[in-house]
Amino acid sequence: MFSCPHTDGFAESLLPLERRPELAAAIGEEAENLVHFYASCDRDFSYPALPDPAGPFRDRFTDETFTPTDRQRADFAEITAANELDLAAVNPEFRTRWGDPLLRLFTRWRPLLSEAAFADVRNVLAPRG
């Protein structure tokens, strides 16, 4: 099981769910759907099966389990990698603690990640020397 500090680890949200329409008006419906999909992920349940096209995804807000589209899986993998790599790039403690598990996770997710994203994974998380 992969357990790392993510959105589902925060006690408070930045925006209550009932304000989703306001966010959609500000950033567009497609972007808001991605933000919600990312924030809704029950990571301990969903991460292991993400690369599997038939793998289940659980919404932590509703406990609903469903099968995401290929696009949703790829978008989720990209935004997750970007978020974790941003943290690892600027926080040596985070990188030391989570670098190896994240490298293993993103290597398993390789089929979902763009070439640029996976290059960033290797650049930020792969051991040097």
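Counting only residues that are open to solvent by 20 Å² or more (accessible area, probe 1.4 Å) and touching a residue at least 60 places away in the same chain (Cβ under 8 Å), give me the helices (runs of 4 or more DSSP H) lying completely in region 35-129 with at least 2 of them.
Passing ranges, in order: 92-108.
For (1) in contact with a helix residue (DSSP H, G or I) (Cβ under 7 Å, 6 or more places away or on another chain); (2) modelled with pLDDT of 95 or more; (3) closer than 28 Å to Leu15 by Cα, each residue gets a yes or a no:
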site: Phe37; (1), (2), (3): yes, no, yes
site: Pro51; (1), (2), (3): yes, yes, no
site: Gly55; (1), (2), (3): yes, yes, no
site: Arg60; (1), (2), (3): yes, no, yes
site: Thr67; (1), (2), (3): no, yes, yes
site: Asp70; (1), (2), (3): no, yes, yes
site: Asp75; (1), (2), (3): yes, yes, yes
site: Glu84; (1), (2), (3): yes, yes, yes
site: Arg128; (1), (2), (3): no, no, no
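Within region 1-16, the presence of a residue that is under 27 Å from Gly99 (Cα atoms), at pLDDT 95 or above and either hydroxyl-bearing (Ser, Thr, Tyr) or in contact with a Cys (Cβ under 8 Å, 6 or more places away or on another chain) (or both) is excluded.
The values are calculated or read from the model by the stated rules, or taken from the named source; none is laboratory data. Note that the structure is predicted; figures quoted are calculated from it, not measured. Glycine also receives a Cβ, built like all others from the backbone with ideal geometry; neighbour counts cover every protein chain displayed. Note: accessible area is taken over every heavy atom of the protein model, side chains too, but ligands, DNA and RNA are not part of it. Shrake-Rupley method; radii C 1.70, N 1.55, O 1.52, S 1.80 Å.
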